[in-house]
1. Can you give me the long-range amide H partners of Val107? Hydrogens built in the peptide plane at 1.01 Å from N, cutoff under 5 Å, separation of 5 or more residues or another chain.
2. At q = 0.15, 0.17, 0.33, 0.35 Å⁻¹, what is the base-10 log of I(q)/I(0) for the stretch 100-140 according to the Debye formula with one equal point scatterer per Cα and no solvent? Please give it to two decimals.
3. For the stretch 6-139, build the charge dipole from Cβ charges (+1 Lys, Arg; -1 Asp, Glu) around the Cα centre, then report which of Ile105, Pro58, Leu91 sits farthest towards its positive end.
4. Work out Dmax and Rg for the stretch 1-59 from the C-alpha atoms and quote the Rg first, both in angstrom.
5. Taking K and R as +1 and D and E as -1, what net charge do the other residues with C-beta under 12 Å from the C-beta of Ile80 add up to?
6. What dipole magnitude, in Debye to the nearest 20, does the chain give about its Cα centre under +1 on Lys/Arg Cβ and -1 on Asp/Glu Cβ?
7. For the stretch 11-21, just list the computed ³J(HN,Hα) in residue order, Karplus coefficients 6.51, -1.76 and 1.60, θ = phi - 60°, integers in Hz, with x standing in for Gly and Pro.
8. For the chain, modelled as a Gaussian network with Cα springs under 10 Å, which listed residue fluctuates most, Ala103, Ala74, Ala132?
Amino acid sequence: MPAADPGRVVASARAWLGTPFHHQASLQTVGCDCLGLIRGVWRDVVGREAFDIPAYAPDWSARASHDLLRAGLAAHLLSIPGPAASGDVILFRMRGRMITSHAGILVDTTTLIHAHSRLGVIEERLTPAWRARAAHVFRYPR
């Protein structure tokens, strides 16, 4: 399955900049969390969502027994074994060897767009701390 145009993915993600953080939401300029950003870009780049997202608690990852975020994205996005590139979705482990609990979209090799719980959707440097937490890479299908 071919991948979506990275420029289109990044442009779509940038259109979400400034959207406030809101748990479980996925409405541009109104509110979203990190998964809501990924879903919103999906709708813009790929089309209608082909899946329902069940309700999840803000601290779901602390209680989960398996990596639900990775499994969910793996079912719909293209898994990338190599280095991440522009337009890719990166999953992060926020603590040690725990399951992934955060996602963002790579703008280029140095910049990431993601939904920050206090700042909303932002574009920021992909620092060494972020790189150390990166766990999985996916691409949007076309």
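1. Those qualifying (amide H under 5 Å, at least 5 residues apart or on another chain) are Gly87, Leu112, Ile113.
2. The Debye formula, applied to the Cα set alone, gives -0.34, -0.44, -1.39, -1.40.
3. Checking the options against the dipole of the stretch 6-139, the answer is Leu91.
4. 11.9, 34
5. Around Ile80, the surrounding residues sum to 0.
6. Computed charge dipole of the chain: roughly 280 debye.
7. Rounded to whole hertz, the list is 4, 5, 4, 5, 5, 8, 3, x, 5, x, 6.
8. Of Ala103, Ala74, Ala132, the Gaussian network model singles out Ala132 as fluctuating most.
Every number in this text was worked out from the coordinates using simple rules, so none of it is lab data. Bear in mind that the values here come from a model prediction, so they are computed numbers and not experimental data. Note that we place each Cβ from the backbone using ideal geometry, even for glycine, and neighbour counts take in every protein chain shown.
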